[in-house]
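Read-outs: derived from the displayed coordinates by stated rules, not from any lab. Please read all numbers here as calculations on a predicted model, not as lab measurements. Cβ: placed from backbone, ideal geometry, glycine included. Neighbour counts: every protein chain shown.
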Amino acid sequence: MYLSVRIDPNSGFCFGVIYAIQMAEDILEEQGYLYCLGDIVHNDEEVNRLEKKGLRIIGHEQFEGLRNEAVLIRAHGEPPSTYQRAMENNLTLIDASCPVVLKLQNRIKSSFDRREKIFIYGKHGHAEVLGLLGQTSGEAIVFENLDELLRHELPTNITLYSQTTKSTESFYSIKNELISRGFAVNANDTICRQVSNRDKDLRRFAAQFDQIVNSFKVKCSYLFPTHADRIVLIEL
């Protein structure tokens, strides 16, 4: 029996995460340890590898009490309050915030300064979204789907943003639905194409094979709802 195995050429971490990992490894080689505010990546295997090299994952509560240390800011970015606390506690921030996220933060801050009514399509509690909310002093409205958005009392003029990893198709569907209901929508497409294009790329790649092996079963099930039996979940 002949078995052909191919790896998706688009698999792996995005450039923002790769940059953060490289920064962490460089500092770990120099000083032997480094604090990181939150998991550097959503991958237990990689986090464990870096922890063995000396990476110390901390939460915001530990960060509040830390003094005179260097702390890595991961690709998700952080709200202004994190930078303020770092100054107060004499912390050196190694800022590995993704450039796409930083650009989005700056655009949201500009919209907020213009007193626009800001709505962010994203996941509640996600680190990136918390950083975006911080640009508006917590005043922006976060929603995960159209139904949730429509439960709010919406202004006539809406400024719409999105978490960088959301679906472009869903973002524009929400925009078009709002316009059809008579709202004036200033839609700012700041979605990372490297991430958003993976859905389409993965569909094309997986369609060539009889079996799909993945460590993220939820994502695969979402992409192939009628072919769930083709998905094999493995623990890497």
Exercise. Can you figure out the FRET efficiency of E169 with K52, using R₀ = 45 Å and their beta-carbon distance, to the nearest 0.05?
Key: 0.70
Practice problem: Calculate, in whole percent, how much of the Cα-Cα pair population of the stretch 63-139 lies beyond 15 Å. | Solution: 56 percent
Quiz item: How fast does the stretch 15-97 diffuse by Stokes-Einstein, in µm²/s, taking the Kirkwood radius from C-alpha pairs at 25 °C and 0.890 mPa s?
Solution: 194 µm²/s
Exercise. Tell me the label-point distance for the pair Q84, H60, using the 7 Å Cα-to-Cβ offset, in nm and rounded to one decimal.
Key: 1.2 nm
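Starting from the stretch 56-111, pick out the trypsin sites (Lys or Arg not before Pro) whose DSSP state is loop and whose Cβ has at most 14 other Cβ atoms within 10 Å. Please list the in-between numbers first.
Details: sites: R56, R67, R74, R85, K103, R107, K109; in loops: R67, R74.
Passing sites in the stretch 56-111 are R67.
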